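Taking it in order: structure first as structure tokens, then the write-up.
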Amino acid sequence: FPIEFIRILSLTLFNNQDLQKKFLSDLFLESKHITDRTGSTEFKPPMLLKDIINPLRIYDVGVSMGDGSLYGRTQTISDGANDGKDLNLTERYMKKLNNVKRDIWGLSDKSIHLRLGKKDNKNMYKLFIQNKFYVRYMNFVYGLPIGDKLKQNLQEPRILEILDEKDKIFLLRFLYRGLMDSDGSFNKTSSTANFWTQSPLLLKQAKKFFND
């Protein structure tokens, strides 16, 4: 269903806001996916809490917090290799991430593209997800900032606060696995793992998680 058409239907058929919400939620739960007006993009938003906090989706949110950026109707995920070393490993990882995103978010092949960087960025792969509704969903549900994330103080998704401590810790393992895969590193010589972020709040939360 085109989401704009669904919204117009809800406003046209019902004056009561509660009935509008029920109509929309029933349609979303029954729909295979939602599209834009032209039908060129597809997105299947999780509607039930158990699906919203699915571990694989929380992992993907962690990756998006690390190497991802949201702008307008596009998300970009960037990953590279120093001096081109192990670029084949980067390519394999980004292809797997491409497939994961397509499967768990119901994105069409037209919406997601993997490209090798050009000129000064030849040691980097970029994954582009072009879907306005997906971008808005990631921002609204998981709190991923739209625009310059360095100025917006990243933090653990607040939706996890509704869970009991045991379930929250379980899901935070997947979140920080995604963050470590994107913004983390491992030193074989010293056997230490490092995590990098410019968000003071996320750094504080990460320290608490790893110390606990």
- Item | Residues being open to solvent by 10 Å² or more (accessible area, probe 1.4 Å), modelled with pLDDT of 90 or more and in contact with a strand residue (DSSP E or B) (Cβ under 8 Å, 6 or more places away or on another chain) - total across segment 24-65 | 0
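Which of the residues that make up segment 197-212 are modelled with pLDDT under 85, open to solvent by 60 Å² or more (accessible area, probe 1.4 Å) and either under 20 Å from residue 58 (Cβ atoms) or in contact with a Phe, Trp or Tyr (Cβ under 7 Å, 6 or more places away or on another chain) (or both)? Walk me through it before giving the result.
Taking segment 197-212 as the starting set, the residues that turn out to be modelled with pLDDT under 85 are 197-198, 212.
Pick out the ones that are also open to solvent by 60 Å² or more (accessible area, probe 1.4 Å) and you get 198, 212.
Across segment 197-212, the qualifying residue is only 212.
Do we have any residue at all in segment 180-196 that's open to solvent by 90 Å² or more (accessible area, probe 1.4 Å), of a type outside the set (A, V, I, L, M) and over 19 Å from residue 67 (Cα atoms)? Walk me through how you get there before you give the answer.
Going residue by residue through segment 180-196, those that are open to solvent by 90 Å² or more (accessible area, probe 1.4 Å) are 186, 188-189, 196.
After this cut, where a residue has to be of a type outside the set (A, V, I, L, M) as well, the list is 186, 188-189, 196.
Next cut, over 19 Å from residue 67 (Cα atoms) only: 188-189.
Yes, segment 180-196 has at least one match.
Among the aliphatic types (A, V, I, L, M), part of a strand (DSSP E or B), closer than 18 Å to residue 69 by Cα and without any contact (Cβ under 8 Å) to a residue 60 or more places away in the chain - does that describe any residue in segment 140-150?
Pass one, segment 140-150, residues among the aliphatic types (A, V, I, L, M): 141, 144, 146, 150.
Next cut, part of a strand (DSSP E or B) only: 146.
Applying the additional criterion that residues be closer than 18 Å to residue 69 by Cα yields 146.
Now drop any that are not without any contact (Cβ under 8 Å) to a residue 60 or more places away in the chain, which leaves none.
No - not one qualifying residue is present in segment 140-150.
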- Task: Report the residue count in segment 161-182 for those that are under 15 Å from the mean Cα position of the chain (by Cα) and closer than 20 Å to residue 51 by Cβ.
- Result: 6
- Considering only segment 128-171, how many residues are surrounded by 13 or more Cβ atoms within 10 Å (Cβ to Cβ), β-branched (Val, Ile, Thr) and farther than 18 Å from residue 63 by Cβ? 1
- Message: Between a residue in segment 172-198 that is more than 15 Å from residue 155 (Cα to Cα) and any residue that is among the β-branched types (Val, Ile, Thr), which pairs come within a Cβ distance under 6 Å, given they are 6 or more apart or on different chains?
- Response: 182/63
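The values are calculated or read from the model by the stated rules, or taken from the named source; none is laboratory data. In this text, all values refer to a predicted model and were calculated from it rather than measured experimentally. Quick reminder, even Gly has a Cβ in these numbers, built from the backbone with ideal geometry, and neighbours come from all protein chains shown. SASA here: full protein model, heavy atoms, side chains in, ligands and nucleic acids out. Shrake-Rupley method; radii C 1.70, N 1.55, O 1.52, S 1.80 Å.
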